[in-house]
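Colleague: I'd like to ask some things about the structure below.
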Amino acid sequence: MKRAVFLDRDGVLIRAIVRDGKPYPPRDLEELEILSGVAESLDRLHRSGFLVIVVTNQPDVVRGIQTREMVEKINAAIDTKLLIDEFVVCYHDSADHCFCRKPNPGSLLRSAEKFGLNLNDCFMVGDRDSDIKAGISAGCKTILIDYHYLETKNAKPDYCASGLIEAVDWILEGKRTK
């Protein structure tokens, strides 16, 4: 079976816009900034046989703050610069009770079925509690990139990292117990 690393988009691959201690996605292509070391980290994952799947919540679309077209333009711009096998986007808000919206595991489960993944051999890397909860619910090993946002953290990741480079080092070193 194939293995994958699921990655949140904002705060993991690209710089999240932090206001009042809370992260937000870029509003447009001008605010888009791929974080340092991300391209090399994704290349290392691919060379090690991992699929790279971006799993992102984009509720600002249903909230009327962002357009679906702009989210897709941002994803396309990221896709031209990084080795990504698939983008999975949930446009719902929490009130929609959507199974694909993190912290629910639906997006990970659908990708696992599509690609024939054994989720116990997969990883979820994110910068928020909802990312870690989704990974745990799906049966993945989880890594929190901790930017110390002013948000409640209840989930217990398998590892905390300062950025994607450190997260990928941990994944590839194989010093995990789970």
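Colleague: Taking H placed 1.01 Å from N in the peptide plane, check which residues at least 5 places from Leu51 or on another chain put their amide H under 5 Å from its amide H.
Modeller: Those lying under 5 Å, H to H, from Leu51 are Arg3, Ala4, Val5.
Colleague: Go through the stretch 4-11 residue by residue and turn each phi into a ³J(HN,Hα) via Karplus (6.51, -1.76, 1.60, θ = phi - 60°); whole Hz please, and just put x for glycine and proline.
Modeller: Those phi angles translate into 9, 10, 8, 10, 5, 8, 6, x Hz.
Colleague: Separate question: With angles folded into 0 to 90 degrees, how steeply does helix 68-81 sit against the dominant principal axis of the chain? Use alpha carbons for both and round to 10.
Modeller: So the helix axis and the longest Cα principal axis differ by about 40 degrees.
Colleague: Between Ile17 and residues 5 or more places away or on another chain, which pairs have amide H atoms under 5 Å apart, with H built 1.01 Å from N, and which residues are they?
Modeller: Tyr24
Colleague: Around Gly106, with a cut-off of 13 angstrom between Cβ atoms, what is the net charge of the other residues, counting Lys and Arg +1 and Asp and Glu -1? Mind showing how you got there, number by number?
Modeller: Working: positive: Arg101, Lys102, Arg110, Lys114, Lys133; negative: Asp96, Glu113.
Neighbourhood net charge equals +3.
Colleague: Say R0 is 25 Å: what FRET efficiency, to the nearest 0.05, do Asp169 and Glu33 get from their beta-carbon distance? Don't skip to the end; give the middle numbers.
Modeller: On the way: r = 22 Å, r/R0 = 0.89.
Step by step, r from the Cβ atoms, then E = 0.65.
Colleague: Loop only per DSSP, at most 16 neighbouring Cβ atoms within 10 Å: give me the GluC sites (Glu not before Pro) in the stretch 97-178, ordered by residue number.
Modeller: Values: sites: Glu113, Glu151, Glu166, Glu173; in loops: Glu151.
Here the sparse-neighbourhood loop sites are Glu151.
Colleague: Another question, if that's okay. Can you quote the Å³ per residue value for the convex hull of the Cα atoms in the stretch 31-74, rounded to an integer?
Modeller: 84 Å³
Colleague: Here's something else I'd like to know. Based solely on its DSSP helices, what 222 nm [θ] is calculated for the chain when runs of n ≥ 4 H residues each add -39,500 (n - 2.57) and the sum is averaged over all residues, nearest 500 deg cm²/dmol?
Modeller: On the way: 5 runs with 54 residues, N = 178.
Mean residue ellipticity, 222 nm, calculated: -9000 deg cm²/dmol.
Colleague: Starting with the highest mean, order 137-148, 71-82 by the number of other Cβ atoms within 10 Å, averaged over the residues of each peptide. Kindly include the intermediate steps, with their values, before the conclusion.
Modeller: Values: 137-148: 20.1, 71-82: 15.4.
So the order, starting with the most tightly packed, is 137-148, 71-82.
Colleague: Using 0.36 nm per residue of separation minus the Cα-Cα distance, give me the extension gain between Leu83 and Val18 in nm, one decimal. Numbers along the way, then the final one.
Modeller: Details: separation 65, 0.36 × 65 = 23.40 nm, distance 2.57 nm.
Result for the pair: 20.8 nm of gain on full extension.
Colleague: Sticking with this one: Among [x] 0.93; [y] 1.16; [z] 0.99, which is the computed Rg/Rh (Cα atoms, Kirkwood Rh)?
Modeller: After the calculation, the listed value that fits is [x].
Colleague: Between Val61 and residues 5 or more places away or on another chain, which pairs have amide H atoms under 5 Å apart, with H built 1.01 Å from N, and which residues are they?
Modeller: Gln66
Colleague: Here is a further query. Can you pull out the chymotrypsin sites (Phe, Trp or Tyr not before Pro) in the stretch 1-109 that DSSP calls coil and that have at most 13 other Cβ atoms within 10 Å? Intermediate values should be presented prior to the final figure.
Modeller: On the way: sites: Phe6, Phe50, Phe87, Tyr91, Phe99; in loops: Tyr91, Phe99.
Loop-located and lightly packed - Phe99.
Colleague: Could you tell me which GluC sites (Glu not before Pro) in the stretch 1-33 are loop residues by DSSP with no more than 12 other beta carbons within 10 angstrom of their beta carbon?
Modeller: Details: sites: Glu30, Glu31, Glu33; in loops: Glu33.
Loop-located and lightly packed - Glu33.
Colleague: Report, for the stretch 3-173, the % of DSSP beta bridges that are antiparallel, rounded to 5. Let's see the in-between values first.
Modeller: Numbers: 4 of 25 bridges.
Antiparallel: roughly 15 percent of the beta bridges in the stretch 3-173.
Any read-out appearing in this document is the output of simple, stated calculations on the displayed coordinates, not a laboratory observation. In this text, all values refer to a predicted model and were calculated from it rather than measured experimentally. Reconstructed Cβ throughout: ideal geometry from the backbone, glycine too, with neighbour counts over all protein chains shown.
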